[in-house]
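Worksheet: one structure, shown below.
The values are calculated or read from the model by the stated rules, or taken from the named source; none is laboratory data. Predicted, not measured: the structure shown is a model, and the values here were computed from it. Glycine gets a Cβ as well: all are built from the backbone with ideal geometry, and neighbour counts include every protein chain shown. These accessible areas exclude ligands, DNA and RNA; they are computed on the full protein's heavy atoms, side chains included. Shrake-Rupley method; radii C 1.70, N 1.55, O 1.52, S 1.80 Å.
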Amino acid sequence: FPVTIVAAVTMATANRPGPVHVNCPFREPFFSPKETVSTIHTSPVPFTHGQLRLEEKILQEWARRLHQQRNGLIVLGSNANLSYEEVIALATRLQWPVVSDILSGARSYPEHPLLITYFDLMIKAKLLLHVDMVLQFGERIVSKTWSQWIQKQKLVDYLHVAPHTYRQDPHHLITHRLQTTPSCFIHDLLAYLPPSDPSQESEAWISYNQRCHDLISQYFETNRQLTERLS
């Protein structure tokens, strides 16, 4: 039984964590006091999770492609499992804005100019934003606003980085997949990725995001009604 429990915990915390089901058979008849229980003592088998890492030539190739693209976007889907420091390190090196899904766990990150907090409002306000490349970490994005917007983009590349091979692509937009641990990918990629200068596109994202912040702050200084309308 301890072996089964260890295996269940390992599966629940593996590359794609989630619930597990454990069957617990009982003796027959269960209510009989005459039945004796034979106990088999087993020692737990320790499991160690490994890290998926890419070859050097693959990292070099993607460092080149990402650096060449000036109008890119980093997207954090559900269960992105990345720290604030990792995301900001990559975003700063690329000078790409970052959009996070509500289930990504990134909504609690400290404020940073490249973290686009008001993405949904910016799109609903019909601000003219577009991207040529997307780098996604984590699972699916549940935002309907994102779903409608991304389908209108004319993307050169859409790269999905995840430790599994499950398809998280309801609109069939992903062009490349890398099976690796996101933290390892960022750490290893930064060794080959030169710093980029801010682009007009990234500055526009930052400017629009700040404008939304200012408008919302001004509104709630004088109003108590909730609305999604921006003036």
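If eta is 0.890 mPa s and T is 25 °C, what Stokes-Einstein diffusion coefficient results for region 167-213, Kirkwood Rh from Cα pairs, in µm²/s? The partial results should precede the final answer.
On the way: Rh = 14.2 Å.
Once the numbers are plugged in, D ends up at 173 µm²/s.
Which percent of the accessible heavy-atom area of the chain goes to carbon and sulfur, probe 1.4 angstrom?
54
Quick one: putting +1 on the C-beta of Lys and Arg, -1 on the C-beta of Asp and Glu, what dipole do you get for the chain around its Cα centre, in Debye to the nearest 20?
520
As I understand it, the value is the acute angle between the Cα axis of helix 56-68 and the longest principal axis of the Cα atoms of the chain; what does it come to in degrees, rounded to 10?
It is inclined by approximately 30 degrees.
Roughly how many Å² is the accessible area per residue of the chain, as a whole number, for a 1.4 Å probe?
Working: 14610 Å² over 231 residues.
On a per-residue basis, 63 Å².
Just to make sure I understand: if all protein chains stay in place, what is the order of R70, R140, R65 by accessible area at 1.4 Å, largest first?
In descending accessible area the options line up as R140, R70, R65.
Grab every C-alpha pair in the chain, bin the distances at 5 angstrom width from 0 up to the longest one, and report whole percents.
Binned Cα distances yield the sequence 1, 6, 12, 15, 16, 13, 9, 7, 6, 5, 4, 3, 2, 2, 1, 0, 0.
What residue among Y219, A12, Q148 has its Cα farthest toward the positive end of the dipole of the chain, where the charges are +1 on Lys, Arg and -1 on Asp, Glu, each on the Cβ?
Of the options given, the answer is Q148.
When DSSP beta bridges are limited to those with both residues in region 131-231, what percentage is antiparallel, rounded to the nearest 5?
Approximately 0 percent, going by the DSSP bridge assignments.
Taking H as built 1.01 Å from N, whose amide H comes closer than 5 Å to the amide H of R140, not counting residues under 5 places away?
Here the answer is S78, since their amide H atoms fall under 5 Å of that of R140.
Work out how much length I174 to R65 would gain on full extension: take 0.36 nm times their residue separation and subtract the Cα-Cα distance, in nm to one decimal.
Full extension from I174 to R65 adds 37.7 nm.
Treating the angle as unsigned and between 0 and 90°, give the value, to the nearest 10°, between the Cα long axis of helix 200-222 and the longest Cα principal axis of the chain.
90
For the chain, which span is the longest to avoid every loop-located (per DSSP) member of GluC sites (Glu not before Pro) having at most 14 other Cβ atoms inside 10 Å?
My reading of the result: 112-227 is the longest stretch.
Could you report the accessible area of M133 in Å², rounded to 10, computed with a 1.4 Å probe on the protein chains as they sit in the structure?
It works out to around 0 Å².
Principal axis extents for region 65-196, Cα atoms only, whole Å, descending order, please.
38, 32, 29
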